[in-house]
Amino acid sequence: MTWTISNRKKSDKMVNIWLSFFILVGLSLGADAQCTAPDPHPTGKTSTTAAGGAVADGSTMTYTCATGYNEDSGSGTATCSGTTLSTPTLVCSGCAAPALDSKMTRTPVTADGAIVAHAGTLVYTCKSGYSATTSVTTSTATCTTNAWVSSATLTCSGAQTNMGFGLSVAVAAIVAHVLTSRV
């Protein structure tokens with residue numbers, strides 16, 4: 001009988017220890033729940049919460065349009081629920097980079113269709129081996145209110161050649177001419 005009573009006391013103590021453990025773990029898990037802000041922030045958007053920063057469960061973060069982007073519609077508020085951050089509906093616009101002519105280069109190097117902020121400028125020149133057929137050798141395009149305004153029209157033409165190959169052909173022709181004229 002004594003063994004049963006002392007065993008019961010031990011089992012009661014174990015139950016209390018395990019309950020305490022689960023309560024502490026449960027509380028600490030709930031307290032640490034948080035979301036992570038996207039890293040990097042979506043194109044054209046900025047926030048007071050650093051990219052990759054923590055947003056506490058139940059808290060919100062607010063996106064605004066970055067400098068040079070227009071706010072078109074939607075809300076910039078994102079709410080953290082557990083570890084999931086809602087998606088804000090804010091739409092910020094700039095200008096989509098136009099398709100690049102294969103005979104030109106663009107500075108800064110920008111992918112076709114990439115969004116460029118308002119007042120952003122792209123500079124176009126002819127690639128090496130091509131020449132301008134217009135009076136200008138460079139052209140700039142500036143993004144203004146979702147549209148591009150160009151400084152001038154640049155057109156490049158010509159065939160890009162491999163000068164080394166062309167020189168080899170010319171030298172071979174001269175050598176052939178010299179050899180045949182000696183005979």
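Side notes on the structure shown:
- Taking the stretch 72-103 as the range and being in a strand (DSSP E or B) and surrounded by fewer than 17 Cβ atoms within 10 Å (Cβ to Cβ) as the test, the residues that pass are Asp72, Ser73, Thr77, Thr79, Ser81, Thr84, Val91, Ala96.
- Considering only residues in the stretch 137-153 that are assigned to a strand (DSSP E or B) and of a type in the set (Val, Ile, Thr), the one that is nearest to Gly68 (Cα to Cα) turns out to be Thr144.
- Some residue of the stretch 158-165 being loosely packed, with under 13 Cβ neighbours inside 10 Å, modelled with pLDDT of 90 or more and either assigned to a loop (DSSP other than H, G, I, E, B) or not assigned by TED's automatic domain parsing to the domain that holds Gly52 (or both): no
- Within the stretch 104-131, being aliphatic (A, V, I, L, M) and not in a strand (DSSP E or B) holds for Val109, Ala111, Ala114, Ala117, Ala119.
Listed here are the residues, each with its yes/no results for (1) at pLDDT below 70; (2) assigned to a loop (DSSP other than H, G, I, E, B); (3) basic (Lys, Arg).
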{"position": "Leu19", "(1), (2), (3)": "yes, no, no"}
{"position": "Phe22", "(1), (2), (3)": "yes, no, no"}
{"position": "Gly26", "(1), (2), (3)": "yes, no, no"}
{"position": "Ala31", "(1), (2), (3)": "yes, no, no"}
{"position": "Pro40", "(1), (2), (3)": "no, yes, no"}
{"position": "Thr43", "(1), (2), (3)": "no, yes, no"}
{"position": "Thr49", "(1), (2), (3)": "no, yes, no"}
{"position": "Val55", "(1), (2), (3)": "no, no, no"}
{"position": "Gly58", "(1), (2), (3)": "no, yes, no"}
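- Selection status of Asp112, more than 29 Å from Val55 (Cα to Cα), of a type in the set (Asp, Glu) and touching a residue at least 24 places away in the same chain (Cβ under 8 Å): no
- Ala132 vs. criteria surrounded by 12 or more Cβ atoms within 10 Å (Cβ to Cβ), hydrophobic (A, V, I, L, M, F, W, C) and under 19 Å from Lys45 (Cβ atoms): no
- Scan the stretch 104-120 for residues that are surrounded by 15 or more Cβ atoms within 10 Å (Cβ to Cβ) and either of a type in the set (S, T, N, Q) or under 30 Å from Thr36 (Cβ atoms) (or both) and the total you get is 7.
The values are calculated or read from the model by the stated rules, or taken from the named source; none is laboratory data. This is a predicted model, so every value here is computed, not measured. Cβ sites come from the backbone with ideal geometry, for glycine too, and all protein chains shown count toward neighbours.
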